[in-house]
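One structure is given below, encoded as structure tokens.
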Amino acid sequence: MNIFEMNSARNDRDFCSAQINRRSTVVEVFSRMVKGKDLQGIDRRLANRSVNFIKNLAVKAKTGDLSAASEINNIRRIMIEPEVMEEIKLLSFFGTYKNLAYGESIEMEVYSTDGEKSRMQALNGDVVFPAMVRKKYPITSEVISGGFACDYRAVSLGDMMHENECVQQIRTDIRNKAAKYVIEKIYQRIKEATGVKYSVEASGITKTALDNVIKNIRRFGKVSIIGDYSVISQVNDLAPFTSANPKFTGLSDVAMDEIRKTGLLNFYNGCAVLEMPNAFDINHVIDGDAGKNFATILPEGLLFVIPNGVNSPVQTFTRGGLTSFTGGDIATGQILSRFDLEIAADIAKGREYKIGIIKDTNLN
């Protein structure tokens, strides 16, 4: 395990040339080198200068020059930030997503009604009615991080294979941590809610429980069923088809074709069925009934029934994009790169009933 010493961490933006940005040739060249693409289409003279610039920075970083390491790390940040932020947008399947500027405060925006309930209009008289009121309240954020120990010797020789693997790992790590944060926040808020809520704990995903939750959440509009493969795959068994022959019960040809292609039904009772990507955490091994296995990054046993789009009470925010840091590992002396992303999520207060959850108690 690498330990990033915070006292030695340097914000790369404080030690880098302001002239390097997304449109800089050196960023384009670095990106193509990492992805194994040729430099065709870039001016040959500028391409050669950029390659030499990157190699020279790596030579300096290899000897412990943190300023050179910060310069390379800043180029990495500029390269991967658009890709990371594009993947973070996938969190919008829980509800609305908004990327804020650094100086903006993170606030939930909730619409509610104030006043008495509406009554039928009286002839030649007044009638009371509730007014729609917008309320805002601040929520706390959390910083999620990803990083790796840099092999500057390989970079100085133009070998970007290890660099490519590490950059891909950063994207995956931050995306998974962001999804884990949002899921845990949603589950925590619904579990703590004291009003009306549609939350079920059962041994397996049963048709009765799922149909009942869908029936209630559908009152707020079209819904999607979202979860890990372990719970989503159980929905396959809940969609029977009975032929004209009452002795025969099975799945329709269309449903069977869907399962053959993806392993999952695409729709169940008019609801889109969406698998939430859930990778193994190879650093965490657990003992189960079937022996040892890796733990998953996200919870396996939670099935969400969520209204589509603006009907969902879940709001997710990021603020400012990626921030990169360069520092030293206090144990090994290696130069480490770290990338931070500030994220926040919550369910609108008093709207917890708009999200349905079924927890399969057979799964962790």
The extension gain from Asp14 to Ser199, computed as 0.36 nm times the residue separation minus the Cα-Cα distance, is 61.8 nm
Take the Cβ-Cβ distance between Arg219 and Leu274 as r, set R0 to 22 Å, and report the resulting FRET efficiency rounded to the nearest 0.05. 0.60
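Figure the gain on full extension for Met85 and Asn52 (residue separation times 0.36 nm, minus the Cα-Cα span) and round it to one decimal in nm.
Working it through step by step, the gained length comes to 8.9 nm.
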Please give the net charge around Ala193, taking every other residue with its beta carbon less than 10 angstrom from that of Ala193, where Lys and Arg add +1 and Asp and Glu add -1. +3
If you add up the charges near Asn48, with Lys and Arg at +1 and Asp and Glu at -1, over every other residue whose beta carbon is less than 14 angstrom from its beta carbon, what do you get? +2
For segment 137-207 and segment 267-324, what is the separation of their C-alpha centers, rounded to whole Å? 9
Between Thr172 and Lys349, what is the label-point separation in nm under the 7 Å Cα-to-beta-carbon projection? 4.1
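About its Cα centre, what dipole magnitude does segment 295-364 give when the only charges are +1 on Lys and Arg Cβ and -1 on Asp and Glu Cβ, stated in debye to the nearest 20? If you can, show how the numbers build up before the last one.
Values: 6 positive and 7 negative charges, 57 e Å.
About 280 debye.
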Greater than 21 Å apart at Cα, pairs in Lys136/Lys185; Lys98/Lys135; Lys89/Lys215: Lys89/Lys215
I'd like to know which of Met161, Ile190, Thr172 lies farthest towards the positive end of the charge dipole of segment 158-230, counting +1 on Cβ of Lys and Arg and -1 on Cβ of Asp and Glu. Ile190
Near Asp346, within a Cβ-to-Cβ distance under 15 Å, what is the net charge of the other residues, with Lys and Arg +1 and Asp and Glu -1? +3
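Could you tell me which of rounded, prolate or oblate describes segment 293-356, using a ≥ b ≥ c as the square roots of the eigenvalues of the alpha-carbon gyration tensor, with rounded for a/c under 1.5 and, failing that, prolate when a/b is larger than b/c and oblate otherwise?
Values: a/c = 4.21, a/b = 1.91, b/c = 2.21.
Because a/c hits 1.5 or more and a/b fails to exceed b/c, segment 293-356 counts as oblate.
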How do the peptides 354-362, 168-176 rank, highest first, by the average count of neighbouring beta carbon atoms within 10 Å per residue? 354-362, 168-176
Computed FRET efficiency, Cβ-Cβ of Lys35 and Asn283, R0 30 Å: what is it to the nearest 0.05? 0.65
Taking Val310, Val182 and counting other beta carbon atoms within 10 angstrom, the fewest-first order is Val310, Val182
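Arrange the peptides 133-144, 186-197 so that the one whose residues have, on average, the most other Cβ atoms within 10 Å appears first. Kindly include the intermediate steps, with their values, before the conclusion.
Values: 133-144: 12.0, 186-197: 14.3.
Going by the mean number of other Cβ atoms within 10 Å, highest first, we get 186-197, 133-144.
Please give the contour-minus-distance gain from Asn212 to Asp43: 0.36 nm per residue of separation, less the Cα-Cα distance, rounded to one decimal in nm.
Numbers: separation 169, 0.36 × 169 = 60.84 nm, distance 6.28 nm.
Value of the extension gain: 54.6 nm.
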Within a 10 angstrom radius of the beta carbon, how do Leu91, Leu46 rank from fewest other beta carbons to most? Leu46, Leu91
Which residues does a label at Glu142 reach in segment 342-364, if reach means a backbone N under 15 Å from a point 7 Å past the Cα toward the Cβ? 342-347
Hey, can you rank 17-25, 275-283, 318-326 by average C-beta count inside 10 Å, highest first? 318-326, 275-283, 17-25
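Values in this text are rule-based calculations from the coordinates and carry no lab data. Values in this document were obtained by computation on a predicted structure and should not be read as measured data. Methodologically, a virtual Cβ is constructed for each residue, glycine included, from the backbone with ideal geometry; neighbour enumeration extends over all protein chains shown.
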